[in-house]
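To start, the structure under review is shown below, and the notes come after it.
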Amino acid sequence: MFNRFYILLFISIALISCNQKAKHNQLNTQQNKSESKPVSDTVQDSVFLSMGLYSISNLNPNIRVDLKYTSNDNFLQKVLYKKIDKAYLQKDVAIRLSKCQDFLDSIMPGYHLIVYDAVRPVSVQKIMWKAMDSLPPKIRKRYVSSPQSRSLHNFGAAVDISLMNGDQLLDMGSEFDEFNEIAYPRMEDEFLKKGKLSHEQYENRKLLRKVMDSQNFEVLSTEWWHFNACSFKHARTNYKVLLEE
Ligand SMILES: [Zn+2]
């Protein structure tokens, strides 16, 4: 009887001590994470997950991500994303993009989609809109949506994207965010005839569209890199807008 009592007492003490140790370790891990990286994956991910957004690279590691607005490597030569460090899209949009990569894997093994921008807060949209105020309004709207009317990027329903063969970017005949007619998909046939786009550049853009078309992403007629996942009506009905990072 006494023996059984002492055995139970010993097991209880051992369990309590293990539980406290586990809690202590958990706390340490969280503290270490926030100390080593100011933008905590867990905090940031949970904010976006609550909006229904998914990180593309978490979903499909074959998709490369190089967010241009996290560095100076963009048309404003300014860091615009202070907190965002992953490419987030609405869950169903991210799943469709992942299927695009699967399709690319099947037709061009070793090729990768590379994402330059995905969800974009309205606060950043305002900065972009203001930065281009030297352009006449009609021209400005071709390249950047006004913060009032929103961009599908603000919903996580548009993606700026290109292609890589292994570690090599494919030549698309213009840079990302090169705001002139050479970037216009609607003028590609004309530019091919005039020799302003090479056959290879023309075919690379066609391949990107073929891959994105496979999941009904639609290219913008003025930017070869920008693809909308749905209509504005669909986005306004089904998705939330990201106002701030
Ligand atoms: Zn875009």
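Laboratory data are not the source of any read-out in this text; all were calculated from the coordinates shown. Here the structure is a predicted model, which is why all the values come from computation and not from measurement. Because the Cβ atoms are built from the backbone with ideal geometry, glycine has one as well, and the counts that use them run over all protein chains shown.
Key figures
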read-out	value
Peptides ranked, highest mean first, by Cβ atoms within 10 Å: ranges 146-154, 192-200	146-154, 192-200
Cβ crowding within 10 Å averaged over residues, with 172-179, 235-242 ranked highest first	172-179, 235-242
Residues 225, 129, sorted so that the one with the fewest Cβ neighbours within 10 Å comes first	129, 225
Rounded Å value of the spacing that divides the Cα centres of region 123-177 and region 186-245	11 Å
For 117, 105, order by how many other beta-carbon atoms lie within 10 Å, fewest first	105, 117
Which of 84, 139 has the fewest Cβ neighbours within 10 Å, and the rest in rising order	139, 84
³J(HN,Hα), Karplus 6.51/-1.76/1.60, whole Hz, each residue of region 112-120, x for Gly, Pro	9, 6, 10, 8, 9, 7, 10, 5, 9
Shape of region 97-245, Cα gyration tensor, a/c cut at 1.5	oblate
Nearest-0.05 FRET efficiency for residue 126 and residue 102, computed from C-beta distance (R0 41 Å)	0.70
Length-normalised contact order of region 137-245 in % [C-alpha pairs under 8 Å, at least 6 apart]	35 percent
Efficiency of FRET between residue 92 and residue 168 - r from beta-carbon atoms, R0 25 angstrom, step 0.05	0.20
Cleavage-rule hits, trypsin sites (Lys or Arg not before Pro), region 51-116, DSSP coil, Cβ neighbours within 10 Å at most 15	78, 82, 83
